[in-house]
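S.K.: Let me give you the structure first, and then I'll get to my questions.
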Amino acid sequence: MNGPPLPRPRDWIAQAPFPWPPAHAVRPGDLYHACYFLVSVQRLRTKTDKPYLRLQLQDVYGALEGRVWETAEQVADMLRDGMYVGVRGRIEVFNGERQLKVEDVAEIHVGLEDLEYFMPRSRRDPEEMDRELAELIASVQDEPLRELLERMLGAGTNLGAGFRLAPAAKYNHHAYLGGLIEHTLSVTHVCDMLAAHYQPHIDRDLLIAGALLHDIGKVREIGARAGFPYTDEGKLLGHIVLGMQMVAEAAAHVPALTPQRLTLLQHLIASHQGRYEWQSPREPRTLEAYILHYADDLDAKMQHAVSVIGTVPGPAGWTGYDRSLGRELYRHHAAEAQGPPQLEYGMASPGIGAHGGRVREEGPDVVASPSAPDAPEPDEPPQPDASAEERPSRPDTLDLFE
């Protein structure tokens, strides 16, 4: 016998504001009604052997971590990865990070018309980005490299369509539909400017091709659906290995591309994360690889920093401590005086992850953060921070932007 129908998001929210606000806009301690895609649920125990649940939650605003304490045993069997849930609880701040203390959670029904509340999208005009991409490809004078780019990124190809849809990351930077092409264009424009600055020492065609393809493996690493889950091959191989394979497969259909040229291009992909401790198979060993690494790192961190700055209310002030940046930031610029841009549902603000919660990549290309599952478990539910003066330092080997 079928049970009662599951509530829709609007039914669950009831008399609370709908659409629900981002968690960073809710004062700590206030009751919060919201709906999320449940990326993952973990059953854990405190040092005193009390059960609790750690929930990784995702909506249009980004990622948020939730904890279920008192009712953990009652709801554990009902929760599963990949479902949509309604939650009621209170925002708390622990170690400088926002998280949700869940008091009530239930499965909800999400129809096609509701997906805009869970799937963030780039604010940039897709047609404008498509034109920019075409212009950059056309600017490559090396014919074999240009042919390879057209074969892999052309709008009429399956890979090109996936490239235009995919997110650039699961959390911190460009973590929304269209984020990959947006990030790639930004990195490529920076590389183009630096190539001009450092001429005649830079092979511009090689650098532009590498910049356009450096994250192509993310099309197969991250699923373009709610929660942006890692694929099996993404977990097993990672986007760098996948990208190198994809370029090699496409290059087999471009006979004019010499093996040496292909190797130089693959080196740009292999080294773009820059450091072995950041899961980079190789460190940069050409001038073009140096430029690409720093352009990629800068764009990822700037996009996240802009997001963090956008959470400051009013024309000026300090952000909270951001674990992935390892610091607080000060907002002062006149252009920011009107506050962060208002998010339209289905559209990403500049920098998703705007909940201000503890977010971390869990894929194969990132070293685990101090909040990883094997970290020491708490004795009891965390108490809200009384002071933000002392913060843990960011380990030098931690990179959360890929």
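S.K.: Could you tell me what % of all Cα pairs in region 9-117 have separations over 19 Å?
M.R.: Here the long-distance tail beyond 19 Å is 41 percent of all Cα pairs in region 9-117.
S.K.: Still on this structure, please answer the following. Under a 5 Å amide H to amide H cut-off, with H placed in plane at 1.01 Å, what residues pair with residue 177 once short-range neighbours are removed?
M.R.: Answer set, sorted by chain and number: 121, 122.
S.K.: Cut-off under 29 Å on the C-alpha distance; same-chain residues fewer than 8 positions from residue 47 excluded. Which lysines are left, in chain and number order?
M.R.: Straight-distance partners of residue 47: 101.
S.K.: So what is the relative contact order of region 9-117, in percent, for Cα pairs below 8 Å that sit 6 or more residues apart?
M.R.: For region 9-117, the relative contact order is 28 percent.
S.K.: Sorted by average packing, counted as other Cβ atoms within 10 angstrom per residue and highest first, what order do 294-300, 102-108 take?
M.R.: Sorting 294-300, 102-108 by mean packing, highest first, produces 294-300, 102-108.
Taken together, the values in this text are just the output of simple stated rules run on the coordinates, not laboratory data. All figures in this text were calculated on a predicted structure; none of them were measured in a lab. Note that we place each Cβ from the backbone using ideal geometry, even for glycine, and neighbour counts take in every protein chain shown.
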